[in-house]
Each structure stands twice: as C-alpha cells, then as structure tokens.
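Input: a single structure, listed below in structure tokens.
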Amino acid sequence: MLTTTQNIYILGIESSCDDTSAAVICNGKVLSNIVANQEVHAQYGGVVPELASRAHQQNIVPVVQQAIQRAGITKEDLSAISFTKGPGLMGSLLVGTSFAKSLALGLNIPLIDVNHMQAHVLAHFIKEENSKIPPFPFICLTISGGHTQIVKLNSHFDIEILGETIDDAVGEAFDKSAKILGLAYPGGPLIDTYAQKGNPKAFSFTKPKVGDLEFSFSGLKTGILYFVQRNVKENPNFIEERLYDICASIQHTIVEILMDKIKNAVKKTGIKHIAISGGVSANSEIRRRLQLTEKHNGWTTYIPKFQYTTDNAAMIAITGYLKYLKKNFSEISTKAEARLKVTE
Ligand code: KG4
Ligand code: ZN
C-alpha cells in the first residue's frame, strides 16, 4: 500500500448508459462531480443506445474540463485516470474508455479501469463530513435501472453475490410501471413523488415466488399492466382519478419485496451492517423503511447521499482511488465490456 502523505488526485469518468459524468477526488474526498443528463431519451420512453453514444461524444470534453476546473486543479495535477469499463451499453462505454486512454497516455499517468457495479457499492467509501463508512463484512443491496443484486463485501474488492434478479431490474419495474401509467421516462422518481400523496394499501399486487435471495419483477410488471387495462376498461379516467394511490401501491409492493430480501440476507449471513446503492436507492420509501428497521432490528444502515445514488463519476473516482492505493493499474489494451459481473 502507498501512504497518502502526498495529495492523490483521481479523475473519474462515467459513460456506461445515458449520463456523461466526470469527477475529481483528492485522497478520497470529492472536489467535483459533474453530471450531464441526456434529455434526448425522454421522448422515446427509454434510452436509445445510438443517441446515447453520440451525446457522450458531445459532452465528454466539456464535462471533464468542468470537473477539473471546479476541483481547482489543472490536468497536470492528476495522479491517475479511472473510467467505467462496464457493464453498460457498448457504444456509450467506448466513448469514456477511449477518452480516458487518450488522456492517460497524453499525461503519462496510470489508467485504472473500474467495474460500474463495484463502483455503485464502493461509493460508500467517499469521505465526507459525518459520512458513515461501513465496516467489513457488510451487505449491500444494489438497485438500479440495469441491475438488482445483494452482495457481501469481505473487503473492497472481495465481493460475493448472495442473490440477484432472474429477469428485470427493479429500476425497470419502476420505469415500465410508469410507462403503463403514461408517465415520462425515467418514471422511478415520478412514482416516488406521486406515491407520497397516495394510499399504499389502496391496491394489492402479487409478490413473486422465487428463491429467498432471488428477485423477479417481470411478473409484477405484467400484473400491473393487466390491473390497469382492466380498470381503464371499466372507467376510462381510472389512471387520472387514482394516480397517487396506484403509484403508492406499486411502490409499496416493490419496497416490501426489497425489504424481504434484505431480511433474508441478514438471516442467512448474520451480518447486520446493511448498505443500499444504485439509482433506486434514491427512493424515499426504501430509505424510510430501512431507517425504521435500523431502529427496530438493531441494524446499522448505510444510505448514500442522493448525488451518489444514480450514475455519477464520483463513485468511479473513489473506486479508482482504492485501486490506486493498491497500485492496481490497467494496461492501455484494457477494453470496454458490455457484460461484467460485480465480482470481475
Ligand atoms: O443507477 P442508475 O442511475 O442507472 C443504472 O445503472 O441503471 O439507476 C437509474 C434507475 C432508473 O430506473 C430510475 O427510474 C431509478 O433508478 N430511480 C428511482 C428513483 N430515482 C431514480 N426509482 C425509484 N425512486 C426514485 N426516487
Ligand atoms: Zn448504475
């Protein structure tokens, strides 16, 4: 391990899906974290890969420049460049990968490839005032638009998958339910907002019957589709009249499923340090329920700040920093991987 007497500045670059992001971290503390969202996808109701890679191409230079400028440093101060290698959309990953390689070569500094799924979890190691850093071993529920899994971390890079989804990710369950209701993409945050005004017990949906630590959301999505179609047939204004109750009931069902799985993981491992990560961990109900359970079950929970839940480069930079300390650098021949397990 290197000692951290000197300042180590890591630039992180994230371009796995539809957010172009760059961040600078100094000795584990975030100096800047710039995220450019791509509005272009909203009109299509989902991410269009070809448009995403084009938008990354347009955004990457200004986003990186802004991250370096906001950090109050120059690019010559950087110690290493970290970037998302995968998993993600290949056309999107290639933009960040090529850019990171060129910059590292140009500055003659180490290049560090980062697994996006590991980064979601390792975002918990960003040092901030009053931040609660989980001790090993801990359990993390990673819930995003592309992934849903429960992992156990024995150390930063010793990760075991305890369970994962056998079909859709939980973010997809939110987004597809929102689409059925005619809401814009991404629908997760909208369901969260409307749910706050509704009754979570107004309607009930069947929870999937899968293994204790497995997830499945495709049946729930179909159930919600049939439920809406049935009710709209009887009353064409059903969605408008009951939108808040429908959203609250959908959210309640999804959060119940997630809480059940966390409880099963605690039972199986005996570990009571529980973290959540990924875009869906921004959801207010899962946050509330976890905090409640912390009080009642003697758990310690770790809930990331909002800016580190959805895709962001600060999580790539902190993972890069942890790899830098181990001198775990990448060859220039490293390549983007659309599919990559959290353990790889
Ligand atoms: O981690 P993320 O930004 O991208 C992926 O790696 O997939 O996660 C995006 C997902 C989307 O499905 C979005 O609807 C969901 O996170 N999301 C939410 C909330 N905020 C974002 N879902 C429910 N409630 C929220 N507040
Ligand atoms: Zn993500």
| remark: When the stretch 294-312 is checked residue by residue, the ones that are away from ligand 2 (no atom under 16 Å from the Cβ) and either hydrophobic (A, V, I, L, M, F, W, C) or farther than 21 Å from residue 130 by Cβ (or both) are 296, 297, 298, 299, 303
| Residue list for the stretch 180-193, restricted to those being within 11 Å of ligand 1 (Cβ to nearest atom) and either assigned to a helix (DSSP H, G or I) or not assigned by TED's automatic domain parsing to the domain that holds residue 215 (or both) | 188, 189, 190, 191, 192, 193
| task | Tell me, yes or no, whether the stretch 318-328 has at least one residue that is in the same structural domain as residue 149 (by TED's automatic domain parsing), of a type in the set (S, T, N, Q), in contact with a helix residue (DSSP H, G or I) (Cβ under 8 Å, 6 or more places away or on another chain) and within 16 Å of ligand 2 (Cβ to nearest atom). | result | no
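Can you say whether residue 202 is more than 20 Å from residue 167 (Cβ to Cβ), under 18 Å from the mean Cα position of the chain (by Cα) and not in a helix (DSSP H, G or I), as far as the supplied structure shows?
On the way: more than 20 Å from residue 167 (Cβ to Cβ): yes; under 18 Å from the mean Cα position of the chain (by Cα): no; not in a helix (DSSP H, G or I): yes.
For residue 202, the condition - more than 20 Å from residue 167 (Cβ to Cβ), under 18 Å from the mean Cα position of the chain (by Cα) and not in a helix (DSSP H, G or I) - is not met.
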| query | Is at least one residue of the stretch 279-298 away from ligand 1 (no atom under 12 Å from the Cβ), among the acidic types (Asp, Glu), part of a helix (DSSP H, G or I) and in contact (Cβ under 8 Å) with a residue 24 or more places away in the chain? | reply | no
| field | The one condition in (1) small (Gly, Ala, Ser); (2) surrounded by 23 or more Cβ atoms within 10 Å (Cβ to Cβ); (3) farther than 18 Å from residue 113 by Cα that residue 53 fails to fulfil | value | (2)
| message | Whether any residue in the stretch 112-124 is more than 29 Å from residue 53 (Cβ to Cβ) and away from ligand 1 (no atom under 12 Å from the Cβ) is what I want to check. | response | yes
| Residue, nearest to ligand 2 (Cβ to nearest atom), within the stretch 272-293, restricted to residues that are crowded, with 18+ Cβ neighbours inside 10 Å and β-branched (Val, Ile, Thr) | 280
| query | Residues in the stretch 185-207 that are within 16 Å of ligand 2 (Cβ to nearest atom) and within 18 Å of residue 288 (Cβ to Cβ): how many? | reply | 2
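What residue, among those in the stretch 152-191 that are hydroxyl-bearing (Ser, Thr, Tyr) and over 16 Å from residue 42 (Cα atoms), is surrounded by the most Cβ atoms within 10 Å (Cβ to Cβ)?
This residue is 165.
Quick one: is residue 31 among the aliphatic types (A, V, I, L, M), over 19 Å from the mean Cα position of the chain (by Cα), outside the structural domain of residue 142 (by TED's automatic domain parsing) and within 28 Å of residue 130 (Cβ to Cβ)? Spell out the reasoning first.
Values: among the aliphatic types (A, V, I, L, M): yes; over 19 Å from the mean Cα position of the chain (by Cα): yes; outside the structural domain of residue 142 (by TED's automatic domain parsing): yes; within 28 Å of residue 130 (Cβ to Cβ): yes.
Yes.
The values are calculated or read from the model by the stated rules, or taken from the named source; none is laboratory data. It should be emphasised that the depicted structure is a prediction, and the values quoted were computed from it without experimental measurement. Positions of Cβ are backbone-derived with ideal geometry, glycine not excepted, and every protein chain shown enters the neighbour counts.
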